[in-house]
Each structure stands twice: as structure tokens, then as C-alpha cells.
Amino acid sequence: MKQKLSLFFILISFITFAQVEEKKLDELIQNTLKTFDVPGMSVGIIKDGKIIYSKGFGVRSLTTKQPMDDTTLVGIASNSKGFTCTALAILADEGKLSWDDKVSKYIPEFQMYDPYVSQNVTIKDLVTHRAGLGLGQGDLMFFPEGGNLSVNDIVHHVRYLKPENPFRTTLDYNNIMFIVAGEVIHRVSGVSWAEFIEQRIMKPVGMNSSFGSYTRAKAVSNKIDAHAPVDGKAIAVPHDWSEIGNAAGGIMSNIKDMTTWAEFLLNGFTTKDGKKLVSDKQIQQLWSLQIPSPVAMKNPYDTSFYGYGMGWFLSDVKGHKQIQHTGGLIGTVTQFTLIPDMKLGIVVLTNQQSGAAFNTITNTVKDSYLGIADRNWLKTYGDRMEKMEEGFNKQKKEAFAKSEAFKKDKNLQPKPEQFVGKYNDIWFGDVEIMQQGNMYRISCQNSPRLKGELLPYSYNSFIVKWDDRSYDADAYMIFEYDENGKAVSAKMKPVSDVTDFSFDFDDLDLKRK
């Protein structure tokens, strides 16, 4: 009888604890939305094979004010990369490819800048961020949305991207290589990347509400609007995605399906009906460190190693191996975390682009399972972001103030005949500078949404102020003049450090046509 009573009280204590923790998490999420001006967020937790938390908070759109729930579709962005690598692992198990196969075996026309790399780059190199391309290098070929280039164009243009690092030496996160990997899947399987992901992964796993691309989810009403801060306040912006970038970040999913995905992964890549989609040999490849990256000596989780596997970042937290990835589009960011030996999965999806918001939730939940006392991550990230925003705003304010001052001296400003005209970057395409009345405008042929005004800044440079203010990516455009004072080329670089790395202006080398 005493044993039964003890078990009863233990059960009651567990239920009470769970209810208390759930309430605290509810409150934390609500406060996180307010602190970082995030309209909506959904959170899921899976532990020991059971989904113990699956909720949505706030609104899925500031325009419609409709609530966000755990079935609201969100673009998971780069969390799609884990699906790309799982697809490749399935094909490897079927003997249709090998990780060490040369890319040229499946895409004969594929070349990189260096002939040696062209001949030796493998499928594994594509999905481990070690092919030599820099952080976000080439992203302007598909980012922001609405570009004109095709996957075949990107495959061709890779040869013009001059590597920033030697082959296989450095982890530099790059989306373009994943687009090429998606094309390998297409050519080997005979179906589109999105169709392969839906039919060979999502359907058997039980992700019944998810889609391989934004376009395939257009008929669904319960999906977010993206939101980005403009003049310090979040506003709704278009939430879509270039089809060519699907293998790098195109999936639309929700908390229910993403916790199902986490359950599948934690269960050894085995579906609920017992079908193992990926062999243990391939799982070991996916979740083994392929390219390391330095770790700070002092960090909050005593992390001793960090780097990339295939489709996931790998590290250790308080002695436990962590599998994690984040994703970011304009107006939405997501985070996916697994600690396999604890059978723990944490998923956070948002409709604003605040990484501080998802880190606050993930770290708080993670700490509770690691037995770490509350470290008040909300305050830590809140204070950090406030300081960072001050720095970003100072950079922008000083730049525009200098431009305003320079505009007052007409004699120093470059004349239109010096720089107006068409310029070309070999991988990005044509950029046109034109005069419209008293102002100058810029437009990009292969990225029509990338257009704006040029504001005089110095005798040889301008600030490019983009029409779409949600980009937060204003840039300097610096012209090089010949001996006659006419521009022959131009370089660009962001005005502020807030600019997303996918606006890889630094990689452009514009030559006057």
C-alpha cells in the first residue's frame, strides 16, 4: 500500500511539475514575442518519444490578425538542408550515388573557378561548406526572392565565383553548393527535389501538412506572413521563396510536422510504422564532424567541439552531443535542436527575423533538461540585441548624415556622364545606373526587386538606398574612374553590419559595359 501511495504522489508531483513548467514556458514565449517584436511563434518539444509541448502564440500575420497555432505553416529555410542530405543518404543506400562521387559524374557541365577543384569536388564537399566559397558567396543569384536565374544558370555561374579559401580547409556557410546538391538529386532520381522530399521523406515520416516548396503550399490558408523591422517596428512583408533555392531552404512546415521529423531522427531515422529510411552507416556519415570550426574558450555550454556534419551543425553541450540547425529568410527565422542521448528535440518557428527570440526559447528549454538553473536568457539576449541595434543604427545614421552633408556641395559631386550607364558582373548579370530627374536610380536585371535610389556620398561613391526597406541592406557603391574621370568599374559593400550575409555585395565585381 505504501509503495502504491509513493507512486501516486510521484505521479501527482510529475503532473504538477509539468503543468508549472508549461505555464512558465507559455509566459516566457509571450514575453519573448514582446521583447523582440515577433508577431507569432510556435514551439514544439519532444522527449523520450513523446511530444510534450506543441503550441502557437501570437498572430500568423499582422495584416489578418489570425492566430498562430502548431499547424501554421512556416518557411523553415535552411533547416531544409537536413532533408537534402537525408535524400542523398537514401540514394547512397540504394547504390545510386556515393558521397565521394565527383559532382561532374552527375552534372558534367559543372565547373568551379579552379580547374583542380572542378575535377575533384565531391557530393560530400557540396554539403559540408568546405568547397572554398565564402560565407553566402553567390547568394544574390537567388536572394532576395523574385530573381530571373534558373538552377541551370546557377550551376553554370558557379565557375565565376572566385573562392575565398583553399579547397577543403575552412567551414564557410554557403547556399549555392546546396542548390547544386539538389540538382544532383534531381538528375539521379529523375524527379524534382521538392517531389523527392515529399514522396520519399515527408510522406513515410508522417509529415502530412508539409511541402517541399513555398509554391506547392500556395493553396494553404493557414500559413504565416513574414515580418521584418522597418524604422524599428515589425511590418508584414512578402513571404515567398525562389524555386531555384529549394534544396538550400525551400520547405514549408509546421510545429506538428517538425516534431514528427525530430521524433523520426531521434528514433534512428525510423518511421512510426517501423520503416528505417536511412542505414546506420549513412546516419554516422550525416552526424559525424566533416569540417570543424573554432570554439570560444569560454562559452555557456562548455562546448569543446563545433562544426558541420552533412546538413547539420554538430557540437557538444555540457558533455552531450547536439545536432542543430537554424534557418532564415527575409521576415522569418527557425531553429531545430536535437540532443540524441537525452532523446530531446526542441523546435522553434517564427514569423520575424529575430534569432535572439528562438535562442531565448531553445536555451531556456535546453537548460531545464540539462539541470542548469534559470539563466534568464530573455534578459541576456534582450540586452545584447539592444546594444547591437545601437551600433547598427549608429553606422546607418552616420552614413546618411555624411551623404546629406555632401549633397550640399554640388561642385564636388560626380557628374552623371561619369558614372550613369550599364555595368555587368559575370555571375550576377547587368546592373543599370540611370538618371531620373534630380535623382539617380539603380536596378538589377536578374534581381528585379533589388532596385533603389543612389545618394551621393563622396567624389567617387554613393549610398544605395533600396526601395524595399525591409531588406535593411543599404550599401555603398564605390566607382573606379579612368584617367578621363569616367567610371570603368564599381564595387559594393554594406553600410551596416546588420545586413544579412546573403546580400553578398562584397563579391560583386561590376565592369562598365
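The values are calculated or read from the model by the stated rules, or taken from the named source; none is laboratory data. No experiment lies behind these values; they were computed from the predicted model shown. A quick note on method: Cβ atoms are made from the backbone with ideal geometry, for glycine too, and the neighbour counts reach across all protein chains shown.
Please pick out the residue among 140, 161 that is over 14 Å from residue 446 (Cα atoms) and assigned by TED's automatic domain parsing to the domain that holds residue 109.
Working: 140 fails: over 14 Å from residue 446 (Cα atoms).
So the residue among 140, 161 that is over 14 Å from residue 446 (Cα atoms) and assigned by TED's automatic domain parsing to the domain that holds residue 109 is 161.
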* Structure fact -> If we keep only residues of segment 473-488 that are farther than 15 Å from residue 416 by Cα and not charged (D, E, K, R), then the residue surrounded by the fewest Cβ atoms within 10 Å (Cβ to Cβ) is 476
* Asked: Taking segment 217-226, which residues are at pLDDT 95 or above and among the charged types (D, E, K, R)?
  -> 223, 225
* Residue list for segment 273-311, restricted to those being modelled with pLDDT under 95 and either of a type in the set (Lys, Arg) or touching a Cys at 6+ places or on another chain (Cβ under 8 Å) (or both) -> 298
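Scanning for something in the same structural domain as residue 30 (by TED's automatic domain parsing) and exposed (fewer than 12 other Cβ atoms within 10 Å of the Cβ), does segment 398-408 turn up at least one residue? If you could, list the steps in order and put the result at the bottom.
Residues of segment 398-408 that are in the same structural domain as residue 30 (by TED's automatic domain parsing), as a first pass: none.
No, every residue in segment 398-408 fails to be in the same structural domain as residue 30 (by TED's automatic domain parsing) and exposed (fewer than 12 other Cβ atoms within 10 Å of the Cβ).
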* Counting residues that are over 26 Å from residue 137 (Cα atoms), which strands (runs of 3 or more DSSP E) fully inside segment 399-513 reach at least 3? -> 429-436, 451-458
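Can you name every residue in segment 125-148 that is under 20 Å from the mean Cα position of the chain (by Cα), in contact (Cβ under 8 Å) with a residue 60 or more places away in the chain and over 14 Å from residue 502 (Cα atoms)?
Residues satisfying the conditions are 127, 128, 129, 130, 146.
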* To do: Taking the residues in segment 67-106 that are without any contact (Cβ under 8 Å) to a residue 40 or more places away in the chain and in a loop (DSSP other than H, G, I, E, B) as candidates, determine which candidate is surrounded by the fewest Cβ atoms within 10 Å (Cβ to Cβ).
  => 95
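Okay, residues lined up against (1) out of contact with any Cys (no Cβ under 8 Å at 6 or more places or on another chain); (2) at pLDDT below 95; (3) surrounded by fewer than 19 Cβ atoms within 10 Å (Cβ to Cβ); (4) within 21 Å of residue 44 (Cα to Cα):
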{"residue": "228", "(1), (2), (3), (4)": "yes, no, no, no"}
{"residue": "231", "(1), (2), (3), (4)": "yes, yes, yes, no"}
{"residue": "235", "(1), (2), (3), (4)": "yes, no, yes, no"}
{"residue": "239", "(1), (2), (3), (4)": "yes, yes, no, no"}
{"residue": "248", "(1), (2), (3), (4)": "yes, no, no, no"}
{"residue": "259", "(1), (2), (3), (4)": "yes, no, no, yes"}
* **Enumeration of residues in segment 360-387 that are within 21 Å of residue 495 (Cα to Cα) and without any contact (Cβ under 8 Å) to a residue 12 or more places away in the chain** => 386, 387
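How many residues does segment 297-314 contain that are under 22 Å from residue 346 (Cβ atoms) and either surrounded by 20 or more Cβ atoms within 10 Å (Cβ to Cβ) or of a type in the set (A, V, I, L, M, F, W, C) (or both)? Quick ask: steps written out before the conclusion?
Going residue by residue through segment 297-314, those that are under 22 Å from residue 346 (Cβ atoms) are 299-314.
In the following step, the residues that additionally are either surrounded by 20 or more Cβ atoms within 10 Å (Cβ to Cβ) or of a type in the set (A, V, I, L, M, F, W, C) (or both) were identified as 305, 308-314.
Going through segment 297-314 one residue at a time, the tally reaches 8.
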* Subset of segment 489-512 that is without any contact (Cβ under 8 Å) to a residue 24 or more places away in the chain and either more than 17 Å from residue 163 (Cα to Cα) or not assigned by TED's automatic domain parsing to the domain that holds residue 399 (or both) - its residue that is surrounded by the fewest Cβ atoms within 10 Å (Cβ to Cβ) -> 493
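Select from segment 435-457 the residues that are touching a Pro at 6+ places or on another chain (Cβ under 9 Å) and not charged (D, E, K, R) and write down the one among them that is surrounded by the fewest Cβ atoms within 10 Å (Cβ to Cβ). Walk me through how you get there before you give the answer.
Our first condition is that a residue be touching a Pro at 6+ places or on another chain (Cβ under 9 Å); within segment 435-457, this holds for 435, 440, 447, 449-450, 456.
Filter once more, so that each one left must be not charged (D, E, K, R): 435, 440, 447, 450, 456.
Working: 435: 13, 440: 21, 447: 22, 450: 24, 456: 18.
Within segment 435-457, the match that is surrounded by the fewest Cβ atoms within 10 Å (Cβ to Cβ) is 435.
What's the total number of residues in segment 302-343 that are part of a loop (DSSP other than H, G, I, E, B) and farther than 19 Å from residue 175 by Cα? Can you show your working first?
Step one: list which residues in segment 302-343 are part of a loop (DSSP other than H, G, I, E, B), which gives 302-305, 309-312, 318-319, 330-331, 343.
After this cut, where a residue has to be farther than 19 Å from residue 175 by Cα as well, the list is 302-305, 318-319, 343.
Residues flagged as part of a loop (DSSP other than H, G, I, E, B) and farther than 19 Å from residue 175 by Cα within segment 302-343 amount to 7.
Restricting to segment 341-366, and then to whatever is closer than 15 Å to residue 382 by Cβ and of a type outside the set (S, T, N, Q), can you tell me which residue is surrounded by the fewest Cβ atoms within 10 Å (Cβ to Cβ)? Give the steps one after another, and end with the answer.
Of the residues in segment 341-366, the ones closer than 15 Å to residue 382 by Cβ are 352, 354-361, 363-364.
Keeping just the survivors that are of a type outside the set (S, T, N, Q) gives 355-358, 361.
Values: 355: 16, 356: 20, 357: 26, 358: 29, 361: 23.
In this case the residue turns out to be 355.
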* Asked: Which condition breaks for residue 169 when tested against (1) more than 28 Å from residue 470 (Cα to Cα); (2) assigned to a helix (DSSP H, G or I)?
  -> (2)
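Those residues that are of a type in the set (S, T, N, Q), in contact with an Asp or Glu (Cβ under 7 Å, 6 or more places away or on another chain) and in a loop (DSSP other than H, G, I, E, B), I need them from segment 209-255; list them, please. Outline the logic, then answer.
So the first thing to find is which residues in segment 209-255 are of a type in the set (S, T, N, Q), and the list is 209-210, 213, 215, 221-222, 242, 246, 253-254.
Imposing the further condition that a residue be in contact with an Asp or Glu (Cβ under 7 Å, 6 or more places away or on another chain) reduces the set to 209-210, 213, 215, 242, 254.
209, 210, 213, 242, 254, listed by residue number.
Yes/no per residue for (1) at pLDDT 95 or above; (2) over 29 Å from residue 331 (Cβ atoms):
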position: 1; (1), (2): no, yes
position: 5; (1), (2): no, yes
position: 19; (1), (2): no, yes
position: 31; (1), (2): yes, no
position: 35; (1), (2): yes, no
position: 47; (1), (2): yes, yes
position: 54; (1), (2): yes, no
